[in-house]
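Below is one structure, written out as structure tokens; comments come after it.
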Amino acid sequence: MKLIHTIAELRAELEGQGGRAFVPTMGNLHEGHLALVRQARAATAGPVIASIFVNRLQFLPHEDFDRYPRTLENDCRLLESAGCDLVFAPDERELYPEPQAYKLQPPAELADILEGHFRPGFFTGVCTVVYKLFNIVQPQIAIFGKKDYQQLMVLRRMVAQMALPIDVRGGETCRSAEGLALSSRNGYLSEAEKLEALRLSATLKGLIAGWQAGRRDVAQLEAEAMQALRAQGWLPDYVVLRRQRDLGTPEEGAPLVALAAAKLGATRLIDNLEL
Ligand code: PAF
């Protein structure tokens, strides 16, 4: 496996190689990322490329950009074991040699709700960096985790609308044996918080159980779920039931997904469950 830091080197290395499968990351990798890399490995006989870049554009000023763990050496070891061929780890000057004034703005109806409502500009930052990484890597396949459900949806729509010849695939969320969705931010949790964090997926299961039991008072179901989290000291941003297709209001017969974001202590966690 090769570690590459510049765009020119990466382009030279990939010259003439088709069937590129790409897994963009911000590093601090865990089993969830490695599952995406293995999925990429299984999907192509061509090169598997992973990027590691903590993208300033998608962080708000009060968020954890500065303290986001940078663990390149360990990440490379893990990526190699999962079958990655090339790691692209540019520094900020390489990817943003001048302030990134051209940005890719996703549509408000998809990107200003849920995560985008609580993290304004987040999806513009994500789309801008992913679009740029796609231009650099020029993959045929790109894989993103379903853990970031709305992100996957926003990026799928971007690829379709911008006519990029890329097959965007989702990877299933990896969970601990107890059910905690793996996340780079779980490292911020204390042992006690890790136990309490299980309540987030349990709350989503409760919401789904309510729908499956025939309740259609979705706003009330969601309010009860938020209240159950608050009662245990969480600060929930949202707990909602939505259509999988476009994150719109649930309707009979349409596949649904339950999504949540909530702060536990100083750490903001997100999770989702498809019905
Ligand atoms: O999901 C992530 O880790 C990031 O949002 C991504 C897609 C690598 C863009 O910075």
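Helix 72-81 and the longest principal axis of the C-alpha atoms of the chain enclose an angle of approximately 90°.
One decimal place: the segment Glu98-Arg245 gains 49.2 nm when fully extended, by the rule 0.36 nm per residue minus the C-alpha distance.
Note that the range 1-45 shows a convex hull volume over its alpha carbon atoms of 89 Å³ per residue.
Computed from the Kirkwood radius of its Cα pairs, the Stokes-Einstein diffusion coefficient for the range 107-147 at 20 °C and 1.002 mPa s stands at 187 µm²/s. What angle do you read, to the nearest 10 degrees and between 0 and 90, between the alpha-carbon axis of helix 149-161 and the longest principal axis of the chain? The helix 149-161 is inclined about 50 degrees to the chain. Overall shape: oblate for the range 105-186, with the ratio a/c of the largest to smallest alpha carbon gyration tensor axis at 1.5 or above and b/c at least equal to a/b.
For the range 204-275, the share of accessible area belonging to carbon and sulfur comes to 52 percent (1.4 Å probe, ligands and nucleic acids excluded). On a C-alpha basis, how far is the centre of the range 94-124 from the centre of the range 208-224 in Å? Whole number, if you could? Each part reduced to its Cα centre gives a spacing of 32 Å. Spin-label pair Ala202-Glu9: with each label point 7 Å from Cα along the Cα-Cβ axis, the two points sit 4.8 nm from one another. The residues of the range 70-131 have, on average, 53 Å² of accessible surface per residue, using a 1.4 Å probe with all protein chains present. Among beta bridges from DSSP that stay inside the range 136-275, the antiparallel ones total about 75%.
Convex hull volume of the Cα atoms of the range 104-250, normalised per residue: 132 Å³. A full extension of the chain between Lys2 and Arg56 corresponds to an added length of 17.0 nm, given 0.36 nm per residue minus the alpha carbon distance. For the range 1-91, the pair-distance distribution built from all alpha carbon pairs, in bins 10 Å wide starting at 0, is 17, 48, 29, 7, 0 percent.
Compute the FRET efficiency between Leu275 and Arg185 as 1/(1 + (r/R0)^6), taking r as their Cβ-Cβ distance and R0 = 22 Å, and round to the nearest 0.05. Before the final figure, lay out each step's value.
Details: r = 25 Å, r/R0 = 1.16.
Between Leu275 and Arg185 the formula returns 0.30.
Sorting the Cα pairs of the chain by distance into bins of 5 Å, from 0 upward, gives 1, 5, 12, 16, 19, 17, 13, 9, 5, 2, 1, 0 percent per bin.
In Å, the Kirkwood hydrodynamic radius of the range 38-163 over pairs of distinct alpha carbons? Write down the numbers at each step before the final one.
On the way: mean 1/r = 0.0632 Å⁻¹.
Result for the range 38-163, one decimal place: 15.8 Å.
So if we plug the beta-carbon distance of Asn74 and Gln232 into 1/(1 + (r/R0)^6) with R0 = 41 Å, what FRET efficiency do we get, rounded to 0.05?
Details: r = 33 Å, r/R0 = 0.81.
Once the sixth-power term is evaluated, E becomes 0.80.
Among the listed pairs Lys205/Lys263; Lys103/Lys146; Lys146/Lys194; Lys2/Lys132; Lys146/Lys263; Lys103/Lys205, those with a Cα-Cα distance over 28 Å are Lys103/Lys205.
Quotient of the Cα radius of gyration of the range 178-244 and 2.2 N^0.38 Å, N being its number of residues: 1.19.
The values are calculated or read from the model by the stated rules, or taken from the named source; none is laboratory data. All of these numbers come straight from a predicted model, not from anything done at the bench. Counting neighbours? That spans all protein chains shown, and the Cβs are built from the backbone with ideal geometry, glycine included. For accessibility, only protein heavy atoms count, side chains too; no ligands or nucleic acids. Shrake-Rupley method; radii C 1.70, N 1.55, O 1.52, S 1.80 Å.
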